[in-house]
Amino acid sequence: MKRLLGEDIKKKESLMDHFMRVISVRGDGANPSDLYVDEAPRPETGAGSVLIRISHAGVNRPDILQRRGLYPPPPGAAPGLGLEVSGWIEAIHPAVPYADDVAWRVGDPVCALVNGGGYAEYVAVDLRHLLPIPAGWSMAQAASLPEAALTVYANLIEHGGLQPGETVLVHGGNSGIGAMTIQLGKAWGAKVIATARGADKCEFARSLGADLVIDTTVDEDFVTAVKGAGGADVVLDIVAGDYVAKNLLCLNHKGRMVQVGTGRSPVVELDLRRVMQKQAVITGSMLRPRSADEKARLTTKVHEKLWPLVESGAIKPVLAQTFAFADAASAHAWMDESHCGKVVLQI
């Protein structure tokens, strides 16, 4: 057996420094057990990016879809799972025009929306996509924040145009998106109606401040209850399918229906006469395919408009479970079951 000399050991350690642990998918990814700990090269960081040593990674529904092959990464995105992280800046490579004049320093704790690859020890991130850890939030809690914060702000406030005094209807009030919508809606001065399935999920939505919560295991036809409460000016929907036609019935005159998910089906049947009668707007968006420049703009807006609400306590963490990095399969299995709040992996 060959004995390693000092120089050989240094070379081996140097080689190991270029690799990291990641979570990979074997086979077709149909089951959570298809996730396993693998090894991959550390990501390269080009001009205008930072390398983050990850503390925690958020686990989200798009990760499960990607694992199953139903949500392929857009062109140019990192191929690995994971869309949000918290951690510490390991290296900074400023863009040439800015030289070293950047707001961040090596060692700073940060959280960020990432374009894939968050289930790993390191990830490369556009310098403009970094957010500070909110005061009083743990690294685990902070890892659960960027994806929901940017998604809900973009769709509820920008696309949905929610105004103080209006009413928003959100489906899946127990989900990460639902929980953020309830809290941001209330902080924005709106009335919030939420749907959820089961008593525990409904109680969770109420605890976040929802004015009315409808248990769709008891009342699948939520339309009567929503209209009885005055209707909705904005609907934020992660369900789609047959919910879309019902959402339209719930909308007030000049209401906005914003689609951010298609849990039941992306194919829907709609009576366009109701759209015309109500002068309704049907819109929606995805976060991941947006350009780096657009994500930078949105990150700046979220830091400016939403972060003060987080810092003040108007928006609270909704972290439900933390799983060990090697236990990513259990995290996905838990997400597949009924749950409330957010899930993260501890790297």
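Overview of results
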quantity: Among LEU83, LEU35, LEU113: highest mean-square fluctuation, GNM of the chain, C-alpha pairs under 10 Å; calculated: LEU35
quantity: Projected area averaged over orientations for the stretch 265-331, convex hull of C-alpha atoms, nm²; calculated: 9.1
quantity: Most fluctuating residue given options LEU127, LEU70, LEU169, as computed from a GNM of the chain linking Cα atoms under 10 Å; calculated: LEU70
quantity: In Hz, Karplus ³J(HN,Hα) per residue of the stretch 220-228 (6.51, -1.76, 1.60; θ = phi - 60°; x = Gly, Pro); calculated: 4, 8, 6, 4, 4, 5, 5, 5, x
quantity: Selection from PHE323, THR217, MET20, by position along the positive dipole direction of the chain (Cβ); calculated: THR217
quantity: Exposure proxy order (Cβ contacts within 10 Å, fewest to most) of TYR119, TYR153, TYR36; calculated: TYR36, TYR153, TYR119
quantity: Spherically averaged projected area of the chain from its Cα convex hull (nm²); calculated: 20.2
quantity: Between 0 and 90°, nearest 10: helix 6-16 axis offset from the chain longest Cα axis; calculated: 20
quantity: Contact order relative to length of the chain, as percent, for alpha carbon pairs under 8 angstrom and 6 or more apart; calculated: 18
quantity: C-alpha center-to-center spacing [the stretch 123-171, the stretch 19-65] in angstrom; calculated: 22
quantity: Beta bridges by DSSP in the chain, antiparallel share as percent, to the nearest 5; calculated: 55
quantity: Extension reserve of the ALA30-ASP200 stretch, reckoned as 0.36 nm per residue once the Cα distance is removed; calculated: 58.4 nm
quantity: Cα-based helix-to-principal-axis angle, 176-187 vs the chain, degrees rounded to 10; calculated: 60
quantity: Under-5 Å amide H pairs with PHE323, H placed in peptide plane, nonlocal only; calculated: VAL344, LEU345, GLN346
quantity: Estimated vicinal HN-Hα couplings, Hz - the stretch 292-297 in sequence order (Karplus 6.51, -1.76, 1.60; Gly, Pro = x); calculated: 4, 5, 5, 5, 5, 4
quantity: Förster-model FRET efficiency, 41 Å R0, ALA47 and ASP327, C-beta, rounded to 0.05; calculated: 0.65
quantity: Built amide H within the under 5 Å cut-off of PHE19, gap 5+; calculated: ARG42
quantity: Among VAL50, VAL281, VAL168: highest mean-square fluctuation, GNM of the chain, C-alpha pairs under 10 Å; calculated: VAL281
quantity: Partner aspartates and glutamates for LYS227 [C-alpha distance under 18 Å; skip if fewer than 8 residues away on the same chain]; calculated: GLU166, ASP211, ASP215, ASP219, ASP237, ASP242
quantity: Cα centre as origin, Lys/Arg/Asp/Glu Cβ charges: the stretch 183-308 dipole, Debye; calculated: 500
quantity: Computed [θ] at 222 nm, deg cm²/dmol, the chain (DSSP H ≥ 4; -39,500 (n - 2.57); rounded to nearest 500); calculated: -8000 deg cm²/dmol
quantity: Simple spin-label estimate for GLU311 and LEU70 in nanometres, 7 Å along Cα-Cβ; calculated: 4.0
quantity: Residue-count net charge about ALA280 - beta-carbon cut-off 10 Å; Lys, Arg +1, Asp, Glu -1; calculated: +4
quantity: For VAL170, distant residues with modelled amide H under 5 Å away; calculated: ILE193, ALA194, THR195, LEU236
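Just so you know, all these numbers are worked out from the coordinates, no wet-lab data involved. Since this is a predicted model, take the numbers as computed values, not measurements. Quick reminder, even Gly has a Cβ in these numbers, built from the backbone with ideal geometry, and neighbours come from all protein chains shown.
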